[in-house]
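Enquirer: Pasting a structure here, questions to come.
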Amino acid sequence: MHYTVTRRKKHYGAGGEEGACMKDRPILKNKIYLYVTEFFAGVSVMAVELGASRLLAPYFSSSQIVWTIIIGTIMIALALGNLWGGRRADRDPDPDRLYRRILIAAVWIAAIPVLGKYVILGISGLLVLTVNTHFLVLAAFFTCIIVFVFPLFLLGTVTPSLIKYTVSSLEASGRIAGALGAANTVGSILGTFLPTFVTIPTVGTAVTFLLFSGILLLIGLIYFISAGAKRILCLVTLVLFILCSIFGNGDSFAFWEKSLAYEGESVYNYLQVKDLDDRIILSTNVLFGVQSVKMKTDALTGMYYDTALAAPVMAGLKEGGRVLILGNGTGTYASQCLRYFDGVSVTGVEIDRRISDLAYEYFDMPEAVELVTYDGRAYLQAVDEKYDVILVDAYQDITIPFQMSTMEFFTLARDHLTENGALVVNMNMHSDGTGSINEALCDTIAAVFPSVCTVDVTYSTNRELFAAAFDVRQALTENLSGVSDPELRNRMGGVLNRLIPYSGGRHVLTDDKAPVELLGMRVIDELIADELSYYKEIFREQGVSGLLDAA
């Protein structure tokens, strides 16, 4: 006689034997834990997305372009996770597999503070040798692919898997799927607000990654411990998480720097204060840029702040004059105005309160400066005062906020100037030619002001623009003799010699259309390409050892 043994497959969820999984895993019997899992998966996805922006910002900027890369790659990861997770749940609907994936995702996310910065530098080093254009875009894209796609792919499998485990009849499928989707969405809302307003400014990016990965880890551990299963897996993931917590919260973003006076984060920025022999500087980017500076002597800075002092001279600033700074930073320009122009009052508008705190802590910002924590354009809309000088110094990373680059904004600025008032705009990067960001800014300002002149700052990538209702070049010529400080008068003479009148064109930015992100990225790409060519030449001639010596 022949006997045939048929092995019955376990079925979970709709149309199957509900008890097959629930008997083995009592924690899932009332399905509450499934909703908890869905909720915290939504929390973690958004927390990782916001953490990704802060991890990349010190190296690649926090521009809209970088945000687009982050959001795009994360959405791709989630979509692929949804597809794969749904098929996997149909083929083998074992909840153990889902919670194992959650544990793996938790450990991966916990490892990001440990390894993320090294991955960024490794990718950047490879691209230095292989690409000629779009360096920042490619570096940010490949970083997101390597660092963030895998754990978010795993988290993308959560929703379709949970639907499979939770739906026990077709009649209830819509209600249950909607409830799971709502749990995920509410979790995403919490995961959006908590990192931005609580964890990142309070404890930093690294701890934020560890905090939310720890929640995922806890969800997986509770599941397996309650069933007395996967003890080795639980122990390994716990040990790895502890190691990541130890080693991931020590290094700085600029871990190669040994003389940082301060490194931290605010709601808006990564912040780095460096104490050098002759000056103290503030940077909001690890790899490039100086936002504020304080000289340790009474000398001028040698930077664009000195050139911008031509605006008070053009306006014939005298006792009682008023200066408004939109983008005060740590008060470099404010301090200079108070030093060189007696009796003036200075109002500094800075959106990042932490930068203002650093201004008093490290940069000796004078108490006489009226400091306002506000957006520059919103401040102009909120006040009626008129000023003799308005400095717009709102560049952030690679570009200027679009709302402070348009014809509507510069019209608002013009309306807040006195009859003899002058506007000065810091344009962060040399860029020339049709379609450049500087051409667009100049054309926009020239559409509002009858007299516009520009001057390149020596030994710098900055360019200053001056605008007024009067002839700014003639005003500087006439008022130059009234400058009492000989060093400043000599510097202003150099500005006069390099001052170039600008005639307006047709590339005018408006509130409706101001593609400053793309224009700024194009310029920074050209600047980086010039730098990369230097290192590529060293690599061709001297190899890797030459690069290490040049670094």
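Enquirer: Which members of the range 339-356 meet the condition of being surrounded by fewer than 22 Cβ atoms within 10 Å (Cβ to Cβ) and over 20 Å from the mean Cα position of the chain (by Cα)?
Expert: Residues satisfying the conditions are R339, Y340, D342, G343, V344, S345, T347.
Enquirer: For the subset of the range 252-264 comprising residues that are under 23 Å from T199 (Cβ atoms) and at pLDDT 80 or above, which member is surrounded by the most Cβ atoms within 10 Å (Cβ to Cβ)? Before you say what the answer is, go through the steps one by one.
Expert: First, pick out the residues of the range 252-264 that are under 23 Å from T199 (Cβ atoms): 252-255, 260, 262-264.
Those still in the list that are at pLDDT 80 or above too: 260, 262-264.
Values: L260: 15, Y262: 14, E263: 19, G264: 15.
The selected residue is E263.
Enquirer: So, one more: Taking the condition acidic (D, E) and either buried (at least 20 other Cβ atoms within 10 Å of the Cβ) or not in a loop (DSSP other than H, G, I, E, B) (or both), does E361 pass?
Expert: In short, yes.
Enquirer: Would you confirm whether any residue within the range 316-328 is more than 24 Å from L480 (Cα to Cα), modelled with pLDDT under 90 and of a type outside the set (D, E)? Give the steps one after another, and end with the answer.
Expert: So the first thing to find is which residues in the range 316-328 are more than 24 Å from L480 (Cα to Cα), and the list is 326-328.
Next, from what is left, pick out any that are modelled with pLDDT under 90: none.
Scanning the range 316-328, I find no residue that is more than 24 Å from L480 (Cα to Cα), modelled with pLDDT under 90 and of a type outside the set (D, E), so the answer is no.
Enquirer: Restricting to the range 198-233, name every residue that is out of contact with any Asp or Glu (no Cβ under 9 Å at 6 or more places or on another chain), more than 21 Å from I112 (Cβ to Cβ) and in a helix (DSSP H, G or I).
Expert: Once the filter is applied, which keeps residues that are out of contact with any Asp or Glu (no Cβ under 9 Å at 6 or more places or on another chain), more than 21 Å from I112 (Cβ to Cβ) and in a helix (DSSP H, G or I), the range 198-233 yields I222, I225, S226, R231, I232.
Enquirer: Any residue in the range 357-373 that's closer than 17 Å to E265 by Cα: show its pairings with residues that are of a type outside the set (F, W, Y) and in a strand (DSSP E or B) at Cβ separation under 7 Å, as long as the two are six or more apart or on different chains.
Expert: Partner pairs satisfying both residue conditions: L358/L271; L358/V273; L358/L282; Y362/A261; Y362/V273; Y362/I280.
Enquirer: Do any helices (runs of 4 or more DSSP H) entirely within the range 135-193 hold 2 or more residues that are under 18 Å from P95 (Cα atoms) and modelled with pLDDT under 90, and if so, which?
Expert: Answer list for the range 135-193: 158-166.
Enquirer: Here's another thing I want to ask about it. Identify the residue in the range 190-220 that is without any contact (Cβ under 8 Å) to a residue 12 or more places away in the chain and within 25 Å of the chain's Cα centre (by Cα) and, among all such residues, is surrounded by the most Cβ atoms within 10 Å (Cβ to Cβ).
Expert: Of the range 190-220, the ones without any contact (Cβ under 8 Å) to a residue 12 or more places away in the chain are 193, 198, 202-203, 218.
Those still in the list that are within 25 Å of the chain's Cα centre (by Cα) too: 193, 198, 202-203.
Numbers: F193: 11, V198: 12, T202: 10, V203: 14.
That would be V203.
Enquirer: A follow-up question, please. Using the structure shown, decide if F402 is under 17 Å from T510 (Cα atoms) and either over 24 Å from the mean Cα position of the chain (by Cα) or surrounded by 19 or more Cβ atoms within 10 Å (Cβ to Cβ) (or both).
Expert: No.
Enquirer: Separate question: Looking at V457, V472, can you tell me which residue is over 35 Å from the mean Cα position of the chain (by Cα), within 19 Å of V392 (Cα to Cα) and hydrophobic (A, V, I, L, M, F, W, C)?
Expert: After applying the criteria, what remains is V472.
The values are calculated or read from the model by the stated rules, or taken from the named source; none is laboratory data. Just so it is clear, the structure is predicted and the values come from calculations on it, not from any experiment. Using ideal geometry, Cβ is built from the backbone for each residue, glycine included, and neighbour counts are taken over all protein chains shown.
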